[in-house]
1. What is the Cα coordinate range of the stretch 101-245 on the first, second and third principal axes, sorted by size from largest, in whole angstrom?
2. Considering only protein heavy atoms, what is the solvent-accessible area of Ser248 at a probe of 1.4 Å, reported in Å² to the nearest 10?
3. Dividing the Cα radius of gyration by the Kirkwood radius, what Rg/Rh value follows for the chain?
4. Which residue, Ala320, Ala143, Ala155, tops the fluctuation ranking in a GNM of the chain built on C-alpha contacts under 10 Å?
5. Once a ≥ b ≥ c are taken as the square roots of the eigenvalues of the Cα gyration tensor of the stretch 1-133, is the result rounded (a/c under 1.5), prolate (a/b larger than b/c) or oblate (a/b not larger than b/c)?
6. What residue among Val11, Val70, Val193 has the largest mean-square fluctuation in a Gaussian network model of the chain, using Cα springs under 10 Å?
7. Among the lysines in the chain, how many pairs, 8 or more places apart or on different chains, have alpha carbons under 28 Å apart?
8. Work out, step by step, the length gained on full extension between Phe380 and Leu209: first 0.36 nm times the residue separation, then minus their alpha carbon distance; give nm to one decimal.
Amino acid sequence: MSRMAPRSTLVKNAFYLMLSALVVAGAGFLFWLVVTRRYDTAAVGVATTLLSVSGLLSLLGLAGFDTTFVRFLPRSQRQNDYINSGLIIVALMSAVLAAGVAVVLPRVAPQLGVVSGGWALIGFVFFTAITSLNVLTNAVFLAFKQARSIFIINALFSAVKVVAPVLAGRGDAVTIFVLAGLAQLIGLALSLVWMRRRCGWRFWPRLDLEALRLVRRFSLSVYASSILNLLPPTLLPLIIVRQMSSASAAYYYMAFTIAGVLYTIAYSSMQSVFAEGSHDEAAIRQHVARAARLIAVLLLPAALLIALISHDLLTLFGHAYAQGAATLLQLFAVGALPVAVYSALGAIFKITKNLRGVVTMNVVYAALILGLSYWLVPQFGLVAVGWSWLIGNTAACGVGGLFLVKHRYKKEFRYGTTSPTRR
């Protein structure tokens, strides 16, 4: 596979990642706009919870390969073998996880038993694996600083996602889940074709154990931090369904979907930092500073705007959504700033291989958000989720900042002078 020229593409790739995320978010917005008007709120609540659980399982199935691809593929001499090994392992892991969880779901929340058997179970397992592979192919493009490819592919499959609920007849929660899954399937097919043509990738069903052994320690630590990072947004719907109602889970999901547009500004910028830093670790200070300026210009005005018009945005889904989640959306908007800092720290830690820092920061983040939500939701309702999100992200930033200061003080790494081999 060919390597891209060693030039700074941080801003360009960050913008393509943002545009990609905005297209996906916009398509999701239109998808749910149609769905919420054609299906009852309880069905939407079950479907959003299933999609959240499937999303968590698909990301758990990645086993850290998405991050290690970005970190190690650019300098690997066995790129094709490493990619194929990752695809095989990720497909198997996500499928096994989905099958196991689908059997357990009815015990957690009886409403979710709709995928515990038959074709619904097969669809749940299949589309979970497809989603996982879709994320992994995006990581391949990012590793080679080809964020433009991610944007084009996401734009095409997003168009399918918008059209699908318009063409489909009425159904239940499983119907909604399958409609969303079909778009992921189109996205994966496009990604594999694109990888073959643009990256020179060729599939061969063989595991390369030597390539995997080289990144085992890094992958396991990043995998643990990724699990912790994903737990709150994907388990919160389960907490809400169990302690409140399916309708409340739908209100939460729509608020978080809108807030996700804000968060993608920070995530995209710092993913670009991670990709650039993996190619040129010595310039990490400049990468972070450039991304921080980009975030300040775009994120702060957008967060203020969403906080001000939160009620009007949610009204598009229905009056009940605005009544149930306007304050929650405002808190999510305020949380955009700590989310940005949290993303920056995560990128720095992964580039410098500060594995203890990234894992500890994510432990604090997940424990506080989930613990406070579980404890406070029965008393204060959905607003407790917003405050838990804000507190958890802020506390995680504080802990991450301490690790950053500690390592700089000990001279284990310094911005602009970090050794690529130093741990």
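The values are calculated or read from the model by the stated rules, or taken from the named source; none is laboratory data. Fair warning: this is a prediction, and the values are worked out from it, not measured in the lab. Keep in mind that these areas ignore ligands, DNA and RNA; they rest on the heavy atoms of the full protein, side chains included. Shrake-Rupley method; radii C 1.70, N 1.55, O 1.52, S 1.80 Å.
1. 46, 40, 26
2. So the heavy atoms of Ser248 present about 10 Å² to solvent.
3. When Rh is taken as the Kirkwood radius, the ratio is 0.95.
4. Between Ala320, Ala143, Ala155, it is Ala320 that shows the largest mean-square fluctuation.
5. Oblate, since a/c reaches 1.5 and b/c is not below a/b.
6. Val193
7. Lysine pairs, 8 or more places apart or on different chains, close enough: 13.
8. Values: separation 171, 0.36 × 171 = 61.56 nm, distance 5.06 nm.
Once the chain is fully extended between Phe380 and Leu209, it gains 56.5 nm.
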